[in-house]
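The structure appears below as structure tokens.
Each value in this text was obtained by applying a stated rule to the coordinates, not by laboratory testing. Keep in mind that what you see is a predicted model, and the values were worked out from it rather than measured. No Cβ is skipped: glycine too gets one built from the backbone with ideal geometry, and neighbour counts run over all protein chains shown.
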Amino acid sequence: MHIIAPSILNADFSKLGSEIDMLNASKADWVHLDIMDGSFVPNISFGIPIVEAVRKKTDKVLDAHLMIVNPDKYIERFAHAGANYITVHYEACPVLEKVLGQIRSTGCKTGVALNPDTPVKVLEPFIRNIDMVLIMSVNPGFGGQSFIPESINKVAQARELIRREGLNVLIEVDGGVNSENGKQLLRAGADVLVAGSLIFNASDPLQIIDNLKGMHSNGIS
């Protein structure tokens, strides 16, 4: 069964505790945390204090997506704040292998994100040290963007790489995911679907999460 990871980037931060309570009552599996620094991406979101606050409110897996430069400086702090997965961007890590080792040394799972223009093949030298590949299906930095259809092919390419190496690596997709492209992504090999504005802007977010969780790759829900 696939994993649903709502992104709190689109939550109402004036009532963040209530938003996390809603996720706790839902069928969501993880909580996705989009950390933006205004440098690697042209927006600033939130940092370690919010991760700590969310950790106090939920037992769900915390999926920290670091859209920041020099992520190696903050790995231990995000781990200490309660992250379970720490995902860094390939484009932000000149020495990716060192950063992956740093994440693993904290006891967290390792993730590597690829921007839309970055090909899957760049991960070939590192795939055995990665627990999750994150395919960005929008350009990182802002919520509510339109899904990039080529992302479906990238998921299939990542799945083929993982199969070829005989590994058990998750594939996550973040950006513009909905019930239509979600089925295509699952069919291509995705394991984890991130959704933000689709959930938090809905009149009935619990039902949206139900719908996403109930999707099947054969298109029958």
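At 222 nm, what helix-only mean residue ellipticity would the chain give, in deg cm²/dmol to the nearest 500, using -39500 (n - 2.57) for each DSSP H run of four or more?
Values: 8 runs with 75 residues, N = 221.
Mean residue ellipticity, 222 nm, calculated: -9500 deg cm²/dmol.
Using the number of other C-beta atoms within 10 angstrom as an exposure proxy, rank MET36, MET136, MET1, MET22 with the fewest first.
Lowest to highest Cβ neighbour count: MET1, MET22, MET36, MET136.
So for the chain: antiparallel DSSP bridges make up what percent, rounded to the nearest 5? Write down the numbers at each step before the final one.
Details: 1 of 34 bridges.
The antiparallel proportion sits near 5 percent.
As a footprinting exposure proxy, order ILE50, ILE86 by other Cβ within 10 Å, with the fewest listed first. Working shown, then result.
Numbers: ILE50 16, ILE86 30.
The order, fewest Cβ neighbours first, is ILE50, ILE86.
Please arrange CYS93, CYS108 by counting, for each residue, the other beta carbons lying within 10 Å of its beta carbon, fewest first. Can you show the working numbers first?
Values: CYS93 19, CYS108 22.
Final ranking by Cβ density, sparse to dense: CYS93, CYS108.
Take the alpha carbon atoms of the chain, find their radius of gyration, then divide it by 2.2 N^0.38 Å using N residues; give the quotient. Mind showing how you got there, number by number?
Details: Rg = 16.0 Å, N = 221, 2.2 N^0.38 = 17.1 Å.
Relative to the rule-of-thumb radius for its length, the chain sits at 0.93.
Taking the range 43-146, how many lysine pairs are there with alpha carbons less than 25 Å apart, if each pair must be eight or more places apart or span two chains?
9
Using the beta-carbon distance between ASP12 and ASN168 and R0 = 45 Å, what value does 1/(1 + (r/R0)^6) give for FRET efficiency, to the nearest 0.05?
Working: r = 36 Å, r/R0 = 0.81.
Computed FRET efficiency for ASP12 and ASN168: 0.80.
Give the distance, in whole Å, between the Cα centre of the range 143-221 and the Cα centre of the range 1-60.
The two parts, judged by their Cα centres, are 18 Å apart.
Could you check the simple spin-label distance between LYS73 and GLN145, using points 7 Å along Cα→Cβ, in nm with one decimal?
2.4
Between ILE48 and LEU206, what length in nm is gained on full extension when 0.36 nm per residue of separation is reduced by their alpha carbon distance?
Details: separation 158, 0.36 × 158 = 56.88 nm, distance 2.68 nm.
Length gained, ILE48 through LEU206: 54.2 nm.
How high is the relative contact order of the range 3-213, in percent, with contacts defined as C-alpha pairs under 8 Å that are six or more residues apart?
Over the range 3-213, the number comes to 21 percent.
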